[in-house]
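Engineer: Sharing a structure below in structure tokens format, with a few things to ask.
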Amino acid sequence: MKKDEKAKSDFKSSLRPNENIEKNKKYEDIVIFMGTDNNGDYPLLIVKKNGNTVSLIFSDLEADNFSKTASYEQGDVIRIKWKVDTAEVAGDDEKPYLTEFLLTSKKIKDGKLSQFNKIHQNPFRVQYIEGDFSSDFLKSIDKKVRYYLSNTKEPLLLLELKDPNSNLSYSLEEQDRDGTKYLAVGLFTTLEHQQSTLHWLYINMTTDELYDYDLPNDKLIKLN
């Protein structure tokens, strides 16, 4: 979100970086759905356009929009109608600022994850867990694993995923790397009681960012 203490009418938005955005004027754009965030002062829709990530506040007039986005998957193409208006944050030191508000949204095309889920409808099993995680947290991790698999170019994983009934499973364990806490996700298959690890992913426990693991160089590679 972008703060504008003077509440100017020529607000700049990453949705339309080359335009001066007028307050309360309605705009329409096609964007990539990235997720939602309900942990702050306002519930947010998070989207990408032209490589820029933008968070829009759900408008009070369209309160059902938040529940509707539960059917969206990361990477889906959606059409949004939005405007710029004044937001306020609780606290004596906070000043009103201009930011983007979502008016309506509609999915217009499946992303890779939605397509992947239609083929791989059976859940991937979590066979080993080191740590105490809530069921909601495990669901969020499963979505991240599926998102990675729907976009992967790793040859061993692509070969395994040719089978819609793949017995691919994964393990979860907390690890510390250079003072940063990660959740290590080990992707593996089992054949005749023999386990074969195909790949490792890492999730930053603070930022929620996803990393590929470069095994030969013992390096983490941040994924977009």
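The values are calculated or read from the model by the stated rules, or taken from the named source; none is laboratory data. All values reported here derive from a predicted model rather than from experimental measurement. Cβ sites come from the backbone with ideal geometry, for glycine too, and all protein chains shown count toward neighbours.
Engineer: In this structure, does Glu192 turn out to be acidic (Asp, Glu), farther than 30 Å from Asn38 by Cα and surrounded by 16 or more Cβ atoms within 10 Å (Cβ to Cβ)? Even if it seems obvious, please write down each step before you answer.
Structural biologist: Working: acidic (Asp, Glu): yes; farther than 30 Å from Asn38 by Cα: yes; surrounded by 16 or more Cβ atoms within 10 Å (Cβ to Cβ): no.
Spelling it out, it is not the case that Glu192 is acidic (Asp, Glu), farther than 30 Å from Asn38 by Cα and surrounded by 16 or more Cβ atoms within 10 Å (Cβ to Cβ).
Engineer: Could you grab me the full set of residues in the range 34-56 that are surrounded by 11 or more Cβ atoms within 10 Å (Cβ to Cβ), at pLDDT 90 or above and out of contact with any helix residue (DSSP H, G or I) (no Cβ under 7 Å at 6 or more places or on another chain)?
Structural biologist: Matches in the range 34-56: Met34, Gly35, Leu44, Ile46, Val47, Lys48, Lys49, Asn52, Thr53, Val54, Ser55, Leu56.
Engineer: Here's a follow-up. Yes or no: Ser166 part of a loop (DSSP other than H, G, I, E, B) and of a type in the set (Gly, Ala, Ser)?
Structural biologist: yes
Engineer: State the number of residues belonging to the range 171-201 that are closer than 16 Å to Lys143 by Cβ and out of contact with any His (no Cβ under 6 Å at 6 or more places or on another chain).
Structural biologist: Total meeting the criteria: 4.
Engineer: Sticking with this structure for a sec: Would you say Leu138 is out of contact with any helix residue (DSSP H, G or I) (no Cβ under 8 Å at 6 or more places or on another chain) and farther than 21 Å from Glu73 by Cα?
Structural biologist: Values: out of contact with any helix residue (DSSP H, G or I) (no Cβ under 8 Å at 6 or more places or on another chain): yes; farther than 21 Å from Glu73 by Cα: no.
No.
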